[in-house]
Amino acid sequence: MINALVVRFKYCLVLLIVLLCCTSTTVCAQQYFEIAKQKKRAFVPFHLLRDMMVVKLNINGKGPYNFILDSGVGIMIITEPTLVDSLNILNKRLIKISGLGDNQDFDAYVTSSLRVTMADGIMGNDISAAIFTKDHFGLSNYAGMPIHGLLGYEFFNSFAVRINFDDTTITVGAPKDIRTFRRGSKVPITVEDRKPYLVTKVLLPNGTAAESKLIVDLGAGHPISLENLVSENKGLPERFIAANLGMGLTGPISGYLSRVDEVDLGKYKLKNVIASFPDFVTKKNDTLSVKRDGNLGIDILKRFNLIIDYQSGVMYVKPNLSFYKPFEHDMSGLEYFCGGDNLKHIIINRVEKGSAGDDIGLVKGDEIVRINFKSVQEMNIEEIDNIFKSHTERSILLDVYRNGVYDRLILTLKRRI
């Protein structure tokens, strides 16, 4: 369940963007990035962490701050509330976001223009942001490192963006200055409501080939999410598991996890792909203005090197070293986060019923102290994720702390989908 927190954040964010754009002309005004006039291209390193593209940037001369680069985000979001004061924002307006479930209201600031700078002389002009007054999402706890926000549309709309997942670098420039792949495939995209969309074929296990309109969503941790199959009574694949896809401002996002036989991306076909199916009931208040069938997440996109060109309405894809890696889901049934001042404590937040973790009695609030005799404080969060996704029937020795008592348990992984 390692992607649940990111999923829950994405579902809440689309509602926030709609509300902010309806209440603020500043947020939807012209905002763009550029590189120094004497340069044709600029280069930005990124860190791929738990399927999040993390880049460093400065705001109003302060930083660096860690931001997730996310093509599914329509406005810049600052998730760390303390930045409201430290950035010396002169003009900000407090708005109240209501109607997001449970009759609760949430406060957020809409900022005046910010000065945003990135590596290699990249500069953001007139960039506004939304800042929650409270951290509702805990992205730093999910990542195991400080995360300060998300950057999306303004960045991608300013350049042709070439992403190399093999060496974790981004190259940006005018479309004419970004060389396309010698071998690869050209995929048409449209930009609607500040997000990129493509139409592709998804082959379901029953033999049905569904033409699907999907957001190209680098910020979604799953491979693919198909949102309408349950609501339109088209049915689920025969083998699936009920799952918690997240918990956000709208309330619980329940649904199902399964596999689809094939997802096409250009001329390439990905086989036996894990797919998320949100339950219609949990999405009944969705206020999206663009009809879509779901989103294409980074667990598919990272298997290619990409060029995303909003201005030309095209995305180029070329398989990279990860293309043939099989799609695997977490086999422990544990959803966990990083706690403590140093973000080095691994705390279980949820245990899936019937999972390997449930079988040995793990519960919410348990702290995993050691894995196979190695302290988790000597491991990063991705090492832990990879152990729990390694292979079915693998036995793992866990030292667990609960209510002042240490216990040693054997967790036997099992593939559920």
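FYI, it's all coordinate maths here, none of it is from the lab. Given the structure is predicted, the values throughout are model-derived calculations rather than measurements. Using ideal geometry, Cβ is built from the backbone for each residue, glycine included, and neighbour counts are taken over all protein chains shown.
Hey, what's the Cα Rg ratio for segment 334-412 versus the globular rule of thumb, 2.2 N^0.38 Å? Mind showing how you got there, number by number?
Working: Rg = 11.6 Å, N = 79, 2.2 N^0.38 = 11.6 Å.
Scaled against compact globular proteins, the figure is 1.00.
If packing is taken as the average number of other Cβ atoms within 10 Å across a peptide's residues, how do 300-306, 113-119, 326-332 rank, most packed first?
Working: 300-306: 22.7, 113-119: 18.9, 326-332: 20.4.
Output ranking for 300-306, 113-119, 326-332: 300-306, 326-332, 113-119.
For segment 167-231, how big is the tail of P(r) above 17 Å, as a whole percent of Cα pairs?
Details: 1293 of 2080 pairs.
Tail of P(r) above 17 Å: 62 percent of Cα pairs.
With each pseudo-label sitting 7 Å past Cα toward Cβ, what's the Phe181-Arg41 distance in nm, one decimal?
With each label point 7 Å from Cα toward Cβ, the separation is 1.6 nm.
Decide, for segment 294-349, between rounded, prolate and oblate: order the square roots of the alpha carbon gyration tensor eigenvalues as a ≥ b ≥ c, take rounded if a/c falls under 1.5, and otherwise choose prolate if a/b is larger than b/c, else oblate. Could the numbers behind the result be given before it?
Numbers: a/c = 2.92, a/b = 2.01, b/c = 1.46.
Note, shape of segment 294-349 comes out prolate.
Check Ala220: other-chain or 5+ apart residues with amide H under 5 Å from its amide H, H built from backbone geometry?
Long-range HN contacts for Ala220: Ile298.
Hey, what D do you get for segment 123-232 in µm²/s if you plug the Kirkwood alpha-carbon radius into Stokes-Einstein at 10 °C and 1.306 mPa s? Write out the running numbers ahead of the final one.
On the way: Rh = 17.6 Å.
Rounded to a whole number, D works out at 90 µm²/s.
Let's test the formula: R0 of 30 Å, r as the Cβ-Cβ distance of Thr133 and Lys56. What FRET efficiency results, to the nearest 0.05?
On the way: r = 25 Å, r/R0 = 0.82.
With R0 = 30 Å, the Cβ-Cβ based efficiency is 0.75.
What is the Rg over Rh value, at two decimals, for segment 275-417, using alpha-carbon atoms and the Kirkwood definition of Rh? Please list the in-between numbers first.
Working: Rg = 19.1 Å, Rh = 18.0 Å.
My calculation of the ratio gives 1.06.
Please work out the FRET efficiency for the pair Tyr401 and Glu328, using the Cβ-Cβ distance as r and a Förster radius of 30 Å; give the result to the nearest 0.05. Show your work: numbers first, answer last.
Values: r = 28 Å, r/R0 = 0.94.
Efficiency computed from Cβ-Cβ geometry: 0.60.
Going by how many other Cβ atoms sit within 10 Å of their own, how do Ile215, Ile122, Ile417 line up, fewest first? It would help to have the intermediate numbers written out before the result.
On the way: Ile215 27, Ile122 23, Ile417 17.
Fewest to most other Cβ atoms nearby, the residues stand as Ile417, Ile122, Ile215.
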